[in-house]
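The values are calculated or read from the model by the stated rules, or taken from the named source; none is laboratory data. The shown structure was predicted, so the numbers you read here are calculated from the model rather than taken from an experiment. We work out accessible area using only protein heavy atoms, side chains counted, and drop any ligands, DNA or RNA first. Shrake-Rupley method; radii C 1.70, N 1.55, O 1.52, S 1.80 Å.
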Amino acid sequence: MATYTITINERITANKRLLDLLKSMPGITISALKPTTGRAATLSAIEELDNGGGTRCKSMDELKRKLMK
């Protein structure tokens, strides 16, 4: 089985139909990625922190070290 990544603008009617067609086909799994910018990304980051995720640093130097890894 192969995995393909495509980007579909769901606001366009034809793309909605394509997505519905793909969802109706057996053996195809659709998973949406969360946006990486804007309000949705901010809310996702806050949710990650609430669930114990993220990176905690005690100083700016520690943050720089962790980012350089």
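The C-alpha atoms of the chain define a longest principal axis, and helix 38-50 lies at about 60 degrees to it. Expressed as a whole percent, the accessible area of the chain that falls on carbon and sulfur atoms is 55 (1.4 Å probe). Legend: translational diffusion of the chain by Stokes-Einstein, Rh = Kirkwood radius over C-alpha pairs, 4 °C, 1.567 mPa s; D = 82 µm²/s. Enter the angle in degrees (range 0 to 90, nearest 10) between the Cα long axis of helix 13-24 and the first principal axis of the Cα atoms of the chain, meaning the one along which they spread out most. Approximately 90 degrees, to the nearest ten. Between D50 and T7, the contour length at 0.36 nm per residue exceeds the alpha carbon distance by 12.6 nm.
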